[in-house]
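Note sheet for the following structure.
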Amino acid sequence: MAAETGTPTTLTLKSNDDELFSVAESAAILSVTIRNMVEDGCAGGVIPLDNVDGKTLASVITYMNGISAIPADEEKKKSYRDKFLSDKDFETLADMVLAANYLNMSCLMDAVSAKIAQVMEKKSVGWVRRKFGIENDYTPEEEAAVKEEHKWTFEGVETDDDN
Amino acid sequence: MSRKRVRTDSNLQAKEFDKKRYTGYYKDDDRISRLPDDILVHILSFLSVEEGARTSVLSSRWINLWKYSTCLNLDRYTDFKKIRRKHPTTGDMLVDNERRNYVTWVNRILRSHKAPTLKQFRISFGLNRKHRKSITRWLEFALSRQVQRLELDLIYYNEPLMYYRFPDELLSHTFIINFKSLRELIFSHVDVSDGAIEFFLRNCPLLEKLIVCHSTELSNPRVCGGGGSSPLVLKHLEIVFCNGLKSLKVSAPSLTYVKAATYEELFIENMPKLVELHINCIDNDVALRRLFTALSRCPQLETLSLMLLSQEETNEICKLPQLPKLKKLEIQYAARDFETLIRLARLISACPVLEEFVVECGWAYLRKKHTKVDYAAITPHHYLKVVKFCGYYGRPRDLEFVNYIWEKCVVLEKLIIGPTCALEIFKGPRDVEQTAIKKGKRQLEALVPRHIELVYL
């Protein structure tokens, strides 16, 4: 493999909509899924990533390159992650969390999950439903019963009559 | 995908929900509900337990997800603190009440919880020995789920000798309870015995972090291992506020961080990877020499925070063994009235590449007149850039020390002066501090050369 020639190895990743991306191996192996393929010697040609579309993969690769350029400094890495995710809408975050899960990238998975959780924090049920477009399929009786059972969780939350 | 895996088991006609909803699909714009279970559970693990559990009201999709979260952070310490603050003397009944509520609350959560394994389990509330049965049950709950990070923080309040004691029974049940998955173990206001510590070190091969604070029972623990059959991977060790601690022996090859406070004997060895150490030392030549000799065998040590414990007698600190890589040295020092701060120069000289020096100096009435010290013979220091001096009261010995600093630290860039010591026990009377602040400021502005940045806190 190219490692023998001393030049940095580049991998080619293929999204499920047949887009091709080149990425440095050193950045790509942030994904345990990809790292395993490399270690098993399956990374010679094109690596097909069947569960990730081109748009998301481009974004993930931007992240891979960005984060791997930062030396071991957790503070700086964290602020890079915050900045990277700051302008992403929920649709993109959902795609990213699925991709991070599939690619087995725990740092991205945690960052995106924390970001989504942060949106829900301290918000009323009604607000969260509206924000994420969650359809309430409880009957009023069911909802009252679930609420009663989880009464202990409602302390300190703003009441919302639209829930 | 795996959307249907979480089964509802609440008493809310569970099967109804199963049939009616989980066969259906979620609206296109309800993207979040279409995420697979394990991802949603992962997202919920970033919320508090209450916040997570509240999502069960969103829709039937969410009713059981929170029960599979692998992080249980059962922290209601703020509530406890509020009650205590509101009713400092008459609140006992309220506190008891609050404690009962907490126990009920935890029990209820644990009853509904379904995750087969736990990454984190944390209890944080003011409980004591009276609640030992519940607490022990909680520990069994967490340990039987192969918990990786276990934290028991039972903030003690006003009840001497009432700490919950980590039960020996748990340790003898290794055939039922498996300690092998523990990576982090944190006890605060819990009585942990020497034997228990040694047990954890022997039986938790993955243990990386061990913190014990406020244990009255700890007396002569040994944090040793790493040889032969039991490789110790412990990286982080803290043993603090354990007033009964008589001696501490630490010998663990993977340690990078140690914080320990012992007033008597400390034996440290075999810590080739140690980077940061916070420790006490008796303020005399013999003890300091012993400590520095041990530390000179820690080639990676970069940060040392040292609290000097005054003794009846003082003596000059002699030349100490060198700490070749030390970059930051912090000294907490209750200098007595007859002492000069120039003594500390010996410590600085023992650290050839030191870049930052911090001294927290305590208040003392100076009965004796200050005798000037001749520090001309001390060799200049060539790396020290930043010095922080807290507890600068503007008295001759304080001034003398600052003089020494800027004369002998030839590359000094920044001098930070704090007029009062951050440590509560070292603080001086308020009025004394006020005049000291004004006086000190005048003195230093006239004295310290322009090229050194002078910062007043």
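Among the residues of segment A:60-74, how many are crowded, with 16+ Cβ neighbours inside 10 Å and either assigned to a loop (DSSP other than H, G, I, E, B) or aliphatic (A, V, I, L, M) (or both)? Residues meeting the conditions: 4.
Report whether or not B:T303 is within 28 Å of B:G225 (Cα to Cα) and open to solvent by 10 Å² or more (accessible area, probe 1.4 Å). So B:T303 passes the test. The set of residues in segment A:20-36 being surrounded by fewer than 19 Cβ atoms within 10 Å (Cβ to Cβ), out of contact with any Leu (no Cβ under 7 Å at 6 or more places or on another chain) and of a type outside the set (S, T, Y) consists of A:L20, A:A24, A:V32, A:R35, A:N36. Within segment B:238-284, the set of residues being of a type in the set (F, W, Y), in a loop (DSSP other than H, G, I, E, B) and touching a His at 6+ places or on another chain (Cβ under 9 Å) comprises B:F241 only.
So that you can scan it fast, the table gives a plain yes or no per residue for (1) open to solvent by 40 Å² or more (accessible area, probe 1.4 Å); (2) within 10 Å of chain A (Cβ to nearest Cβ); (3) part of a loop (DSSP other than H, G, I, E, B); (4) touching a strand residue (DSSP E or B) at 6+ places or on another chain (Cβ under 8 Å):
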site: B:R54; (1), (2), (3), (4): no, yes, no, no
site: B:K67; (1), (2), (3), (4): no, no, no, no
site: B:R84; (1), (2), (3), (4): no, no, no, no
site: B:L94; (1), (2), (3), (4): yes, no, no, no
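Exactly one residue out of B:L308, B:L323, B:L329, B:L304 is assigned to a strand (DSSP E or B), more than 19 Å from the chain's Cα centre (by Cα), farther than 28 Å from B:F199 by Cα and not β-branched (V, I, T), and it is B:L308.
Selection over segment B:246-283 of residues that are open to solvent by less than 10 Å² (accessible area, probe 1.4 Å) and touching a Ser or Thr at 6+ places or on another chain (Cβ under 8 Å) gives a count of 7. Meeting the requirement of 1 or more residues that are aromatic (F, W, Y) and either open to solvent by less than 30 Å² (accessible area, probe 1.4 Å) or over 19 Å from B:L110 (Cβ atoms) (or both), the strands (runs of 3 or more DSSP E) wholly within segment B:131-217 are B:184-188.
Considering the conditions (1) open to solvent by less than 10 Å² (accessible area, probe 1.4 Å); (2) in a loop (DSSP other than H, G, I, E, B); (3) under 19 Å from B:L47 (Cβ atoms), B:I123 is excluded by exactly one of them, (2).
This table checks each residue for (1) within 8 Å of another protein chain (Cβ to nearest Cβ); (2) modelled with pLDDT of 85 or more; (3) farther than 20 Å from A:V128 by Cβ.
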| position | (1), (2), (3) |
| --- | --- |
| B:R3 | no, no, no |
| B:K27 | yes, no, no |
| B:V41 | no, yes, no |
| B:E50 | yes, yes, no |
| B:S60 | yes, yes, no |
| B:N64 | no, yes, no |
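Name the single residue that is nearest to the other protein chains (Cβ to nearest Cβ) among those in segment A:99-151 being part of a helix (DSSP H, G or I), surrounded by fewer than 17 Cβ atoms within 10 Å (Cβ to Cβ) and among the small types (G, A, S). Only one residue fits best here, namely A:A145.
The values are calculated or read from the model by the stated rules, or taken from the named source; none is laboratory data. Quantities reported herein were computed from a predicted structural model and do not represent experimental measurements. FYI the Cβ positions are ideal-geometry reconstructions off the backbone, even for glycines, and counts take in every protein chain you see. Keep in mind that these areas ignore ligands, DNA and RNA; they rest on the heavy atoms of the full protein, side chains included. Shrake-Rupley method; radii C 1.70, N 1.55, O 1.52, S 1.80 Å.
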